[in-house]
Amino acid sequence: MNALIEAHNLGKWYGEVIGLSDLSVNFAPGITGLLGPNGAGKSTFMRIIVGELKPSRGELKVLDMTPFANRKLYPYLGFAPQQDALYESMTGYGFVRHLLRLGGFTRSDASARAKRAMEQVGLQDAMNRPCKGYSKGMRQRTRLAQAIAHDPELLVLDEPLTGLDPVARRQIMELFRSLAEAGKSLIVSSHVLHEVQSLTDSIVLLHRGRLLAQGTVGDIRSLLSSHPREVALSARKARELAVALVARPHVQRVELVDDENLVVRTRQLDALYEELPGMVQNLQPGLRSMKSSDANLESVFDFLVQ
Amino acid sequence: MKATTHTEIYRRYGGELRSRPAVERILGWAGLRMAFRRKLPALILFTPSAITALVGCVMVHLRFMLAERTAEAEGRAATLAARGIQELLGDTAENIHRFIQTEQFFALLTLAWYGSHLIAEDRRLSANLLYFARPITPLRYILGKWLTALALGGLTLMVPALMICWQAAFSSPDWIFLKESSWVIWRTIGFCALWIVVMSSLVLAISSAFQRKGLALMCTFALVFLVQGISLVIVQVTGNPNYGLLSLIENFQAISEWLFHKPNIGTSILRQAQGLGHQPAWNIEGSFWTLGLITFLSWVVLWRNVKRMEVIA
């Protein structure tokens, strides 16, 4: 069997609210990014994977087992929810150890594993401090520590990079990579495309509880090649820059917002990015900023659901 | 550089786990440890209980000491004085009964304070997401939390009451307390166990219904004291003392009187108002049924809320 997770026509609804709708998807071993805007159904899907939620319809197999209320699956799964979940008065180490004990580890084994997990997430210096003094990033890392502490085969991580500073983010990404290299599989949810893109090529896109796209980032990006994109530019000589830009064949439209701001609409964003440095060098328009207003994941979804 | 991901087939977990970890004990112990981590509330809540127990022990000891002195006293005046003080102190069963009546209040404060956060805090923090991703069933989760509540109730009511019994046993000449009044010990244990089981179930059920500890705390006190007040009003209006069965306090008072065959020291306002004096206003079975029903309903609420926690973040 190559698929870690197999979902067939999976559905979950909360009364009249649809969490997941007719989702059929397979997850291969390795790192998979589960992407989608807020409310896409990522957390619902993750909670179904770890067996906390019962699907309203359809079938789900995780490591060949039905996950709902299947406590036998626990040793193979590590789950880090996006919710805080830490007891303020417990130390980070104590919290991880407590959860390991509840999972069935002996006192000494739980202590050793908790210590190792806290070291893995870079919290060895703060592990004996109560969680109430932890920053958002430290809390996030403690949640990660409890997920990896029992050495599971599959890690289900709900927004694990939220709240981390750039240094911590890099450390955690390195940890994810090392876990993947060690043979673990990870499902990492996020609503930020580039975060996941730096970790893996394999992504699953959800939107409004439905599967929107699955595959490599390149495949999905190619779907967008014909989608016009807008880039906002701010320059001292915006008018001169607008004249130069409008002459380019791939540029569909240039809108001069005011004397110093303009918005360019293009069918080939990559071409624009390649040509812009040359224009700036020739015209010296005093370019101050450049922002692709629709380069985020939300706009990808907007395009895909059209 | 992009990370490469492996494509090998997953490997089965090779570690060793206990097939049936003592989840209840671990949860219960963790709850107690967290309760005592904050020193000030522990000091405020347990000190009155400890002082009351100490006073109870001293009174019991004094009573037996004076009884011994009276037997040895030769002068009529000395005998009379010793007897007078003895009467003032009351007998041992009365002392223990009196102690339990007072201690119930402190035990309620402690249990409500600590117990109200036991499940509410998990709900607020969504710690249940982590618990139920582990081999923990809702029942074992409830039992773990209940163990903490039982331990807190035991520490504030059962242990101090047994300390007084212990003191009485050791202070009484020729172990006369154990020989003649051992029923006091068993009934003390019985009453304390009943109180702890009922109140801990109630407090946990309330805790499971809220996400905020403060709300759970207020609801606990409202349920105990407000219902007591309401039942008093209903009794006054209708003239039917059986409405006193609605009140937890009245039911516990009736049972303790029945168990110890002693009138309460601070006779209830309800009975005074009714001119019933120390006589039980209703059949004692009614109190047991009421408390049983409250416990049953508490467990129904608790079970329903914890089952919901299993599926709702």
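The values are calculated or read from the model by the stated rules, or taken from the named source; none is laboratory data. Note that the coordinates shown come from a computational prediction; the quantities given were computed from them, not determined experimentally. When we count neighbours, we look across all protein chains shown, and the Cβ atoms used for this are built from the backbone with ideal geometry, even at glycine. Side chains included, ligands, DNA and RNA excluded: accessible areas come from the protein's heavy atoms. Shrake-Rupley method; radii C 1.70, N 1.55, O 1.52, S 1.80 Å.
Side notes on the structure shown:
- The residues of the stretch A:107-128 that are part of a helix (DSSP H, G or I), open to solvent by 10 Å² or more (accessible area, probe 1.4 Å) and in contact with a Ser or Thr (Cβ under 9 Å, 6 or more places away or on another chain) amount to a single one, A:Gln120.
- In the stretch B:126-144, of all residues being touching a Leu at 6+ places or on another chain (Cβ under 9 Å), open to solvent by 10 Å² or more (accessible area, probe 1.4 Å) and assigned to a helix (DSSP H, G or I), the one that is farthest from the other protein chains (Cβ to nearest Cβ) corresponds to B:Leu143.
- Checked against (1) touching a Ser or Thr at 6+ places or on another chain (Cβ under 6 Å); (2) open to solvent by less than 20 Å² (accessible area, probe 1.4 Å); (3) more than 18 Å from A:Glu159 (Cα to Cα); (4) modelled with pLDDT of 90 or more, A:His8 meets all criteria but (2).
- Residue that is farthest from the other protein chains (Cβ to nearest Cβ) [pool: residues in the stretch A:54-70 that are touching an Asp or Glu at 6+ places or on another chain (Cβ under 9 Å), of a type outside the set (Lys, Arg) and more than 19 Å from A:Ser185 (Cα to Cα)]: A:Glu59
- Taking the numbered list (1) open to solvent by less than 30 Å² (accessible area, probe 1.4 Å); (2) not in a helix (DSSP H, G or I) in turn, A:Gln146 passes all entries but (2).
- Residue selected from the stretch A:71-106 under the condition in a helix (DSSP H, G or I) and at the interface with another protein chain (Cβ under 7 Å from one of its Cβ atoms), by the criterion most open to solvent (accessible area, probe 1.4 Å): A:Arg71
- When each of A:Val231, A:Val167, A:Val196 is tested for being modelled with pLDDT under 85 and crowded, with 20+ Cβ neighbours inside 10 Å, the lone residue that passes is A:Val196.
- At least 2 residues being modelled with pLDDT under 90 is the threshold, and among the helices (runs of 4 or more DSSP H) wholly inside the stretch B:149-253 those reaching it are B:159-171, B:176-209, B:227-238.
- Close Cβ contacts (under 7 Å, 6 or more residues apart or on different chains) running from residues in the stretch A:66-78 that are in contact (Cβ under 8 Å) with a residue 60 or more places away in the chain to residues that are among the aromatic types (Phe, Trp, Tyr) comprise A:Pro75/B:Tyr13; A:Tyr76/B:Tyr13.
- Looking at A:Val62, A:Val96, A:Val25, just one residue is touching a residue at least 12 places away in the same chain (Cβ under 8 Å) and farther than 18 Å from A:Pro152 by Cβ, and that residue is A:Val25.
- Contact annotation: residue pairs with Cβ atoms under 7 Å, 6 or more positions apart or on different chains, pairing a residue in the stretch B:115-139 that is touching a residue at least 24 places away in the same chain (Cβ under 8 Å) and among the aromatic types (Phe, Trp, Tyr) with a partner that is open to solvent by less than 30 Å² (accessible area, probe 1.4 Å) and outside any helix (DSSP H, G or I), are B:Phe132/A:Glu52.
- Residue count for the stretch B:145-180 satisfying the condition of being touching a helix residue (DSSP H, G or I) at 6+ places or on another chain (Cβ under 6 Å), closer than 13 Å to B:Asn95 by Cα and open to solvent by 30 Å² or more (accessible area, probe 1.4 Å): 2.
- Listed conditions (1) of a type in the set (D, E, K, R); (2) free of Cβ contacts under 8 Å to residues at least 60 places away in the same chain; (3) more than 13 Å from B:Phe64 (Cα to Cα) are all met by B:Asp174, apart from (3).
- Answer residue from the stretch A:162-218, given it is within 14 Å of chain B (Cβ to nearest Cβ) and in a loop (DSSP other than H, G, I, E, B) and is nearest to A:Gln82 (Cα to Cα) among those: A:Leu199
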